[in-house]
Each structure stands twice: as structure tokens, then as C-alpha cells.
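Accompanying notes for the structure given below.
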């Protein structure tokens, strides 16, 4: 069976199935054409990166579960608790879903539209929750300044609404079809607007750059004002900046890789280079959202508990916003 080149070129990015489940659009294309083997190899290589990303997320969860139990589940529940649990466990579910889609025997028509929507919208929702966490951290660093909080909330809402509308418009134009190539199930799609996706990532990147600049500026000001001997507050800022910088570094890599998809030599290729590129993008995406994201909360809570246990100054630090207003 012949498939047009424009249709095939969309296939390497496919992990979603058709949003149109009408009888006229649910036909599955079955082929043993050797010309399709490069696509099969592409999917297999990408699946290895998916397994690596899933392993990293699960390993981090198992490794940090003791901390999580002490610092999250046993503490008083708050907005930060809900956000941590939502990001961490939504991420695990999402990673498993993406992993299942790479299995050769997995039929993408089994889950239908629900499967498509889950894969499309979970990253959007998780990034919105991470934005709320960033607002809480900055609100703490700026000592609950009403002006700064208002500015952050309004900027975040504008960014979220704009990116949400772009996502709705983008997802509404996609159609897909299941392929069974040499007994391997997967789904191709067409109608993706790569320029629109790039615009969406520009909004995300602008927000992350803004939050980083605000965090670095207030931290630098505090460090200049603190005595050379240091203080508890200075150590708190150090912890916040370290976790923020690591998170931002991963996000920067993801943003650059996503913008690179505008190049047809990557987005319309099944070469080894394109395989590696998309695989690395997947690993960084999983790590940024589902590994480093939760650590934005648990890292600060771990520091606070150690401070209370080992320092007479620990009780005093509770009076500042890091614990009671931001990370609790």
C-alpha cells in the first residue's frame, strides 16, 4: 500500500491516535512493505529512549519515597502538598502510558480519543501546576509582596490562557490513522502546525526566563545585604536558587530542542540523527516535568526539616514565608 510522502514524514513524531473515531476514519492500514522498515526502526529506537526516561522517573520516585513519606504524606496538607502529589503521580501515569504506546502489540485504537487527549493535555496541565509552584517560591522570596504576587499571577494567567488557546487550536486540526507495519502497531497523524507549537513554547520560555531573572535578582540583593558570616535566610535562598537553576537548565534544553523541530531536516526525517534528537528531547521532557518539578518542593522541605532538627535558628525560620506560606 502506498502512503504519500507528506503523510509518512509526520509519522516519526506520532505517539497519538486519531481524534476522529467515526466509522469512515477508523480503518487500519496494514503493510509488510520493506520500504516501511526505516519507520519501524525509528519507532524502536525512540522506544529505547522512552524506556530510559521512564526508568529515570521511577528510579527517582523509589529512591525518594522515604523522603516523600516524611516530608509530604506525614505533613499537614496544603496547596503545595496537592501540587507535589499531582505532578509526581500524574507524571508516573503519563510515562507509563507513553511507554505502552511503544510496545509492538499495543493497538492505539483501543483507547481511542481518551488516549489521544491524555497524551496531548497532561504536559500542558503539569506545566501549569509547575507555574503555580514557581509563583509560590517567588512569593516567598519576595516576602509576600502584594505587588509582586499580583504581577506574577497576572503574567501567569496571560501565559496560560494564550498557550491553552494555542493548544486547543493545534489539537483541533490533527487527524490520525493507525498503521500496522510488520505486526507493529502505531499511529501516524497529519495536520500538525509546527510553527504554532513553536509559538506555544515561546510563551513557556518567556515565563521561565522571567521567573529565573526575578529569583536571581532578589537572591543577589539578599546576599549583598547579609553579613559575611551568612545566615539561615541566606541558606534558604541558596537552596531555592540551586533547585531553580537545575530546573531551568533542563527547561532551557527542552525549549531549544522543541524550537529545533521547526527544521525539516529533523521533523521530516527518519535518520539516526533525528532518532537521537527526538529521543533526547523525550528524556529531558520527562526529567524536567516529573523529576525536577517535584524536587522544587521536596528539596526546600528537606532543608527546612534538617534546619529545625539541627539548629536553634530553625524555629525562627518558620516565621518567614518559605515554610508557612510557600513550601508548606
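Every read-out reported here was derived from the displayed coordinates using simple, explicitly stated rules and does not represent laboratory data. Please read these numbers as outputs of a predicted model, since none were measured by experiment. Here the Cβ is made from the backbone with ideal geometry for all residues, glycine too, and neighbour counts use every protein chain on show.
Observations on the structure shown:
- Between residue 206 and residue 86, the contour length at 0.36 nm per residue exceeds the Cα-Cα span by 40.8 nm.
- With a Förster radius of 35 Å applied to the beta-carbon distance between residue 79 and residue 199, the computed FRET efficiency rounds to 0.70.
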